[in-house]
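Scroll down for the structure; my scribbles are underneath it.
The values are calculated or read from the model by the stated rules, or taken from the named source; none is laboratory data. Given the structure is predicted, the values throughout are model-derived calculations rather than measurements. Cβ sites come from the backbone with ideal geometry, for glycine too, and all protein chains shown count toward neighbours. In case anyone asks, the SASA skips ligands and DNA or RNA and just uses the protein heavy atoms, side chains included. Shrake-Rupley method; radii C 1.70, N 1.55, O 1.52, S 1.80 Å.
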Amino acid sequence: MFSKKSKEIQNEQKIPTIMQRRWRKFKGMKRGYNSFRILIVAYLLSFCLPILVNNQALMVSYNGSWTFPAVQTFFAELPIVGFIVKNHAYQGVVFGQKNNTSECKYRDLKVQYQNEGQGNFVIMPFYPYGYKDMVSSDGVKEDVFTKPLGRTSDGGFRLFGTDDSGGDVFSKIMYGFNISISFALLLSIIEYLIGIPLGAALGYLGGWFDILMQRVIEIWASLPLLFLIIIVVSILTPSFGLLLGLLSLASWVGITTYVRAEFYREKARDYVAAAVSIGIPTWKIMLKHILPNSLVPLITFFPFTLIGGITALVSLDFLGFGLPPGTPSWGSMISIGLEHINDGYWWLTVVPLTAMFLTLMMTVFIGEAIREAFDPKVFSRLR
């Protein structure tokens, strides 16, 4: 009985680990922690955009048969399931839309079924407008330059209006958010996968290997990356993977420098000398002893690498050397907005700039909170 009570007292008085203290400190930084939660939820929801924000119907019931175009698109865009489920564009005549052999216009189809009153129906997503061009049955683009909160012919409204192609601005913002964050995440992961092993080898081995590789890195970092991207994009068709590969060519240099400095500092510690003296292999010293003690600057630097990835993609899209035309991206939206800013279509510039500003601001708040959480000082500087 006594031993059980003593164990309970020990569990209640158990000292939290350093990572638990850091997590509590991070949660205490409300500005950064709330930004972290908002971005995580928004990014996860952005993968569900085909069934939340789309001009395709969730379900079409026609003459007793059910079809799920938006759901099919959702599964077709998933990384693994997409190899099994293929996306399919249904012609309008398949659902009784007369004289429409192109892709079905589901909003018009919903109105048609309601007027016919034959029991057929269409269920649209929560926001039934997509980022692609919308063309009416007579071949004229509808709702071109609709103002924010502007009403449409079917009784709906465009939250942020439309652009010069008739595409919905809100849809492009949401899909562009997913593309920007995904691109920045993948670019940051590639930076770390290249920079950490190379920087660790430079910092731990040192000597002529470090001197030689430092000169190679200096030459490599001096390459005009923008001109290289312009040349490659003018020859090859730009794509998400191509831009990711091109930007990865030089993005690892900064991470390599950070890791090299950390390994140079840590290898002079007594615990490394003790590990060497008892015959622990070099790879195990680097991986299990030095690397865990060098992660603090890498973790605190990660949000800022995301910022660099987002701004790099937006800049390339703005200059016209980014993702192919038709892809919803913030950079191309800003470029289109500046072309029409003197025509009174202010929302084409303000909306994407605001979305980019809010995303980068919350990412900076997360970076500040992480840096403060890993600060060894007891009291926080941020309030």
For this session: Would you check which residues across region 21-41 are among the aliphatic types (A, V, I, L, M) and surrounded by 16 or more Cβ atoms within 10 Å (Cβ to Cβ) and list them?
Result: Met29, Leu39
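Check Ala70, Ala76, Ala89 and return the single one that is at pLDDT below 85, small (Gly, Ala, Ser) and surrounded by fewer than 16 Cβ atoms within 10 Å (Cβ to Cβ).
Numbers: Ala70 fails: surrounded by fewer than 16 Cβ atoms within 10 Å (Cβ to Cβ); Ala76 fails: surrounded by fewer than 16 Cβ atoms within 10 Å (Cβ to Cβ).
When all the criteria are applied, what remains is Ala89.
I'd like to verify a number: residues in region 262-285 that are closer than 18 Å to Ile299 by Cβ, open to solvent by less than 80 Å² (accessible area, probe 1.4 Å) and not aromatic (Phe, Trp, Tyr), how many?
First, the residues of region 262-285 that are closer than 18 Å to Ile299 by Cβ: 262-263, 265-266.
Now narrow it down to the ones that are open to solvent by less than 80 Å² (accessible area, probe 1.4 Å): 262-263, 266.
Next, from what is left, pick out any that are not aromatic (Phe, Trp, Tyr): 262, 266.
Number satisfying all stated conditions: 2.
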For this session: Using the structure shown, decide if Val314 is at pLDDT 85 or above, assigned to a helix (DSSP H, G or I), out of contact with any strand residue (DSSP E or B) (no Cβ under 8 Å at 6 or more places or on another chain) and under 16 Å from Gly206 (Cβ atoms).
Result: no
For this session: Just name the residue that is surrounded by the most Cβ atoms within 10 Å (Cβ to Cβ) out of those in region 287-326 that are more than 19 Å from Ser188 (Cα to Cα) and in contact with a Pro (Cβ under 9 Å, 6 or more places away or on another chain).
Result: Phe321
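Filter region 180-195 down to the residues that are hydrophobic (A, V, I, L, M, F, W, C) and surrounded by 21 or more Cβ atoms within 10 Å (Cβ to Cβ), then identify the one that is farthest from Ile310 (Cα to Cα). Give the steps one after another, and end with the answer.
Initial filter on region 180-195 (hydrophobic (A, V, I, L, M, F, W, C)): 181, 183-187, 189-190, 193-194.
Filter once more, keeping what is surrounded by 21 or more Cβ atoms within 10 Å (Cβ to Cβ): 183-184, 187.
On the way: Phe183: 7, Ala184: 5, Leu187: 9 Å.
My answer is Leu187.
Could you please let me know if Val364 is more than 26 Å from Leu226 (Cα to Cα) and assigned to a helix (DSSP H, G or I)? Before the answer, list the steps.
Details: more than 26 Å from Leu226 (Cα to Cα): no; assigned to a helix (DSSP H, G or I): yes.
Here the answer is no, as Val364 does not meet what is asked.
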For this session: Could you please find all residues in region 321-373 being in contact (Cβ under 8 Å) with a residue 24 or more places away in the chain, of a type in the set (Ser, Thr, Tyr) and closer than 21 Å to Phe160 by Cβ?
Result: Thr327, Ser329, Tyr345, Thr359
For this session: State whether one or more residues within region 259-267 are in contact (Cβ under 8 Å) with a residue 12 or more places away in the chain, among the charged types (D, E, K, R), in a loop (DSSP other than H, G, I, E, B) and out of contact with any Pro (no Cβ under 9 Å at 6 or more places or on another chain).
Result: yes
Exercise. For residues in region 337-363 being crowded, with 20+ Cβ neighbours inside 10 Å and β-branched (Val, Ile, Thr), which is nearest to Phe36 (Cα to Cα)?
Worked result: Thr363
Seminar exercise, completed: When region 92-138 is checked residue by residue, the ones that are among the polar types (S, T, N, Q) and at pLDDT 80 or above are Gln112, Gln114, Asn115, Gln118, Asn120
